[in-house]
Each structure stands twice: as structure tokens, then as C-alpha cells.
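J.: Below you'll find the structure I mean.
The values are calculated or read from the model by the stated rules, or taken from the named source; none is laboratory data. Being a predicted model, the structure only gives us computed values, none of them experimental. Using ideal geometry, Cβ is built from the backbone for each residue, glycine included, and neighbour counts are taken over all protein chains shown.
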Amino acid sequence: MFRFLRRYWPSTLRLQLMLILLPVVGLPIIATGYVLKLRGYEAIVEEKTVHLQGINALLAQHLQDQGGYRGLLREYTGAAGDRGAQIHFLNSRLRADTDEVAQAFPEVGVGYFHLGLNAIITYGPSAQYDRTVGMTIPAEHPGWKVMATGTPMTVSGDLVRGNIMNAMLPIKEDGRVVGYIWANEFLDAIDQQAGAMRLAVHWMTLLGLCLSLVVVFFVIAQLTSSMEKIKQGLLALRFDLREPIPPIKGEIGEIVEAINALAQALLETRSMHNNILDSLSDAVITVDSGSKVSYINPAGCELFECQASEIVGKPYRTLSRDDANFSSPIVDTLQSGREHRGVELDYPLPHRTLRVMVSSSMLFDGRGHQLGVVAIIRDISETLSLRQQVARADRLAAIGEVAAGIAHELRTPLTSIRGFVQYLQGSTDPKEWQEYGDIIVREVDGLNRIVSEVLDLVGTRPPRPIPTNLNQLVEETLFMVRDSADNSRVDIVVELADALPPVDIDQGQIKQVLLNIIINAIQAISERGEIRIVTSTPDEKSVSVCVSDNGCGIPAAISERIFDPFFSTKPTGTGLGMAIARRIVEDHNGRIEIESVEGQGSSVSLILPASPEEKAP
């Protein structure tokens, strides 16, 4: 059934509304007419019953006014056992009453029945039914039931008079039923009234259906006309948001106003977005799923040296040289769905090559359907040139700073050596030559140490990594500094993690870094203190060793200069230790992190990558 309805259900709104509204409006009218017809006939029957019983009550009152059967028979002077004489006497006293009532109510037959005489006393109009006086009623006559039960009754059927509706009222005297009164009317007359009523109901129902059809067609015509206006207006809005839908009255007009307001808001939003895109200094370009350019902003036209009308709708590949082996992030995003953020590359334009930064991502509509790719392209050629100039300047400044530091560090021992040599040129005392010669040798060794540290800083020797247990390396390093820690009254607490994965490191270089960090921690503690050394695995790809102390800490003002070459807070330091340490750690693809609070201590973490064997699943 439902499949049939879905198959043959009309597609137009007009027919759909007709199929829905006609049953909704027509069926109640037909049902109302049918109910009115049934209730109308019942109302006629009920009205006739009340009418006939009212006539019976009138006859009963006439009988009661004459003293009833008992009172009338007291006036009877004939033979006591003469049934016929008694019937004739009662008829003579009551016939005028029944004829008067029958004349007052045409088509109605009325009369009295006496139970003791078992006979009809009167039947009016007597001109038509006087022959029935003295007759009894058949055994199946409902009058017997009325007299037996003492309750009024109205029945319809073929009785003494014919096919009639007969209303019967029992006559009671001294608490006993002594007969009954009837008033009846032919059913044909009732049927004629009912037929007239049914005809009226049929005409009213037909008229109601016709009026409802007219109203339905009018409503459907108005509604579909309004819907057609909205439909045509929406089709026009698809191409021009500035073309509003014509106004319509009523609630649908409010819908039209809302649609027009929404179109105006969309127009303003689109204008704002276009203004934003047009004002961007970066190129914005969108490519549809067919690899064709669907939008390009003015900055993009300037970057690609083209007009929007020339490039929109053309394949995206036309923006680059045909002979260039160019892997575009836009094409990759379109094919794989991967997004790219801030990718720097050389873009081969037809007449030149630019250094650009590209970000690309998928473009979706409001329903989540893929439209293509949107990309932002920034020309960083000038930025790159400025960056290179700044880098060169930074390198020159660093070289100058290193040179100044080297000059400062070398000047003092060279001055001492020169002074002692000048002094010894005029001395012939062997003891002085021996004493000052030792000093000259120590100064030369200092110069050699400074040169070695400078060579370590610039990284003249690359690391030679081998798989190493960092816990074991920490223990070997501590063996070298325990005496110094004991002499400084510093307690060293070691917490080595179990099952620490190995690291690929140059043991000598990393031991040098650890040794430098631990010595710095010892020197940061002026009185009794504690150094805590902890190894751990921050994640599955790295291993760390953290050296913490509760010494003087690092002032915030100089914390950013800890790794600067030749910067030192120690009177006799060269300022190359931490700079060399960071260079060594970075050569091992690791990092150093320092946390320090002045007056509370410092924490230096050395984080190194775990060996590849340990990272494999």
C-alpha cells in the first residue's frame, strides 16, 4: 500500500494539497450529513412519540374529569351483566372527547380500551373507525403488555388501524390497570417527513461539499501562487542576492521578509569577505575538485602576473612553467587530503622563480561536501634576502664577539709572559730562570687551554657515537668529582632509572658536558648543600639526566646569557663551558633545559634521543 502511494503520489504541490485537503474537508461534511440524517429521523420519531403521548395524557385527563370508568359506570342504569349495553354507554360518554381530539390533530387516531369489558370503547375519528367499537385486540397486540406492566409504550407496526406508530398509556384506578388509551399515526406520514428531512440534509451536504471545494481550490491557488513566487525568487537569488522576492501578504509574507533579510545578510557577509580577501597582501587561491582555479584575489593576480578573468576556470598547472619539476602542496592536498602549513619552496612562474611560503587545506561547503582546496601563498623572496643578510650580520657579530673574547683571554697571559721574558733578559741567576720559567710554562699552558676550548666551541671534531648506558656514564663522571664534592661539603644524591634504554653518544664529549654541569653545581653551593642527579625516560623516544642543586641560583637578568661564549659569573672562568656543552648536545640531536630561581637553586636537564633499536616496535 505504502509502496503504491510512494509510486503514484503526485510530485506537484497543487495536487498534493488537493489530495490532502479534499478528504480532510469533504469527509467531515459527508459524515456530518450522515449523522444528521440518522439523528433527524430519530428526532422525528422521538418528537412523534412525545406528541402522541401528550395526546394520550389529554385523553386521560378527559376520562379523569368524568370520574374514570368507575365513575361513568355508576351512572349506568342498564342490566349489570349486559356487556354490550355497558360498552354502548361508555362509548356514548367518551366518543365526543375522542372525536374532538382527533379533529384537533389530523391524521391521528385515538381511543379507549376497557380491560374488564375486553373491548374497544371508542376509536376516533368515529366516522372512520366506529366499527371497531366493542371489538377486542389480538393476543399479540402490545396493548396487553402495556396493561400487564402498567408502563407507557410506543411501538410501530401493522396494528388494528394499519401500519402505524402507536403510543399507549395505561389507565389506572385505585392502583389497578383497568385499560389503556392510545394515540397513533400512520408511518407513511412520518416517512414523508423523514424523507423531506433527508432530502434537505442531502442538499445541504452537497452544498457544503461544493462550498468546501471552492474554498479548497481558492486556498490551494493562493498558496501555490505564493509558493511559486517564492520559488522564482529563490532561483533569482541564486544568481543575484540583490534581487529580493516580491512582497506577499500574511504569514507567508513574513517568511518572504525573513528570506529577503537573510539574502541581504548573506550579501553583506559576502561583500565583507570579498573586501577582506581583496585587502590581503597574501595571495589567496581556490582550486576545485577538477584542478581548475575557481577564485583568485588581487594579491594573487599580482603575484602570478595575470588577470582573474584570464585564470579562473583554467587548470591550476597553467600557473607554473611546464618544464619545471614542481611538486605543489596544493595538488598534494587535492589528491591526498593532507594539509600543509607554512611550507617554503621555490615556485617556478612562467617568467621567474619566487621563494614562497604556502599553506593549503581542504575546502568544504556547509553540508561537509568537498569543494576543492584553498591556499594562501606569500612571497618571501625579499624576506628571505633580509633574513640572509641578518644571518650574515649575526655571524659577523658572533665572530667579532668571539674574537674580542679570545683577545681578552689571550692578552693577560701574553702580557705576563712578555714581562717575565723582559725581566729574564737582564738576569743571569739560574734560580730566577727556573722560577720564572715555570710561570711562563703555566701561562703557555693556559693559552693552549683557551685555544683548545675555542676549537671545541667551533666543533673541529665531530662526535663518534657508540651505544652507551647513560646510568654507567653518570657513575663514571661522579667518580671524578666526588673528592671535590666532599671537600666542598656537598652531598650528592643519585637516582638512576631502571631499564634505561641506551643512547648513541660520544662518551668523552657527553662526559665532558656532565662534568661541567656538576662542577658548576658544586661551585654554586657556598656552604653545605645537596646535588641530586636523576635519570629518566621523558617519553619512549628520549632519555634524560637532570642535575639539581640548592645553591645560589641564576639571576633572571643573566639567565638568557648562560650559553653565550666568554660570558661567565666566575672571576677565573673563560665563559666557554656552557657554550661548548650546548654545541656538543646539539651535535647529538639533543637539548639542554635550565630552570633556576635566584637564591633557591638550579636544575639543568640534558635530554638525548634514545638509540633507534629501542624505538623500534
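J.: Could you identify the single residue in I296, I252, I285, I245 that is in contact (Cβ under 8 Å) with a residue 12 or more places away in the chain and in contact with a Ser or Thr (Cβ under 6 Å, 6 or more places away or on another chain)? Explain how you work it out, then say what you get.
T.: Values: I296 fails: in contact with a Ser or Thr (Cβ under 6 Å, 6 or more places away or on another chain); I285 fails: in contact with a Ser or Thr (Cβ under 6 Å, 6 or more places away or on another chain); I245 fails: in contact with a Ser or Thr (Cβ under 6 Å, 6 or more places away or on another chain).
Exactly one residue qualifies, and that residue is I252.
J.: Being at pLDDT below 90, surrounded by 14 or more Cβ atoms within 10 Å (Cβ to Cβ) and in the same structural domain as R176 (by TED's automatic domain parsing) narrows it down to one of G26, G68, G78, so name that one.
T.: On the way: G68 fails: at pLDDT below 90; G78 fails: surrounded by 14 or more Cβ atoms within 10 Å (Cβ to Cβ).
Only one candidate qualifies: G26.
J.: Looking at region 501-534, which of its residues are in contact with a helix residue (DSSP H, G or I) (Cβ under 6 Å, 6 or more places away or on another chain) and under 14 Å from A610 (Cα atoms)?
T.: Residues satisfying the conditions are P501, V503.
J.: Just the residues that are of a type in the set (V, I, T) and under 10 Å from I330 (Cβ atoms), please, taken from region 277-292. Lay out the reasoning, then the answer.
T.: As a first pass, look at region 277-292 and keep what is of a type in the set (V, I, T): 284-287.
Within region 277-292, I285, T286, V287 meet the criteria.
J.: Here are T154, T132, T224: which of them is closer than 26 Å to G71 by Cβ and of a type in the set (V, I, T)?
T.: Residue meeting the stated conditions: T132.
J.: Does region 549-571 contain any residue that is part of a loop (DSSP other than H, G, I, E, B), modelled with pLDDT of 75 or more and under 30 Å from D504 (Cβ atoms)?
T.: no
J.: May I pose another question? Does any residue of region 150-168 turn out to be under 60 Å from the mean Cα position of the chain (by Cα), crowded, with 18+ Cβ neighbours inside 10 Å and not in a strand (DSSP E or B)? Write out each step before concluding.
T.: The initial filter retains those residues of region 150-168 that are under 60 Å from the mean Cα position of the chain (by Cα), namely none.
Checked against the condition, which is being under 60 Å from the mean Cα position of the chain (by Cα), crowded, with 18+ Cβ neighbours inside 10 Å and not in a strand (DSSP E or B), region 150-168 yields no hits at all.
J.: Here is a check on your reading of the model: is Y112 hydroxyl-bearing (S, T, Y) and in contact (Cβ under 8 Å) with a residue 40 or more places away in the chain?
T.: So Y112 fits the description; yes.
J.: Same structure, new question: Check every one of the helices (runs of 4 or more DSSP H) wholly within region 27-146 and list those with 1 or more residues that are under 14 Å from A167 (Cβ atoms).
T.: 83-104
J.: Within region 186-209, is even one residue in a strand (DSSP E or B) and either surrounded by 15 or more Cβ atoms within 10 Å (Cβ to Cβ) or modelled with pLDDT of 80 or more (or both)? Can you show your working first?
T.: Of the residues in region 186-209, the ones in a strand (DSSP E or B) are 186.
Narrowing the set further to residues that are either surrounded by 15 or more Cβ atoms within 10 Å (Cβ to Cβ) or modelled with pLDDT of 80 or more (or both) leaves 186.
Looking for residues that are in a strand (DSSP E or B) and either surrounded by 15 or more Cβ atoms within 10 Å (Cβ to Cβ) or modelled with pLDDT of 80 or more (or both), one finds at least one in region 186-209, hence yes.
J.: Would you please list the contacts, defined by Cβ atoms under 8 Å and residues six or more apart or on different chains, that run from a residue in region 55-77 that is farther than 14 Å from G116 by Cβ to a residue that is part of a loop (DSSP other than H, G, I, E, B)?
T.: Taking only residues 6 or more apart or on different chains, the pairs are I55/F105; N56/P152; R74/G67.
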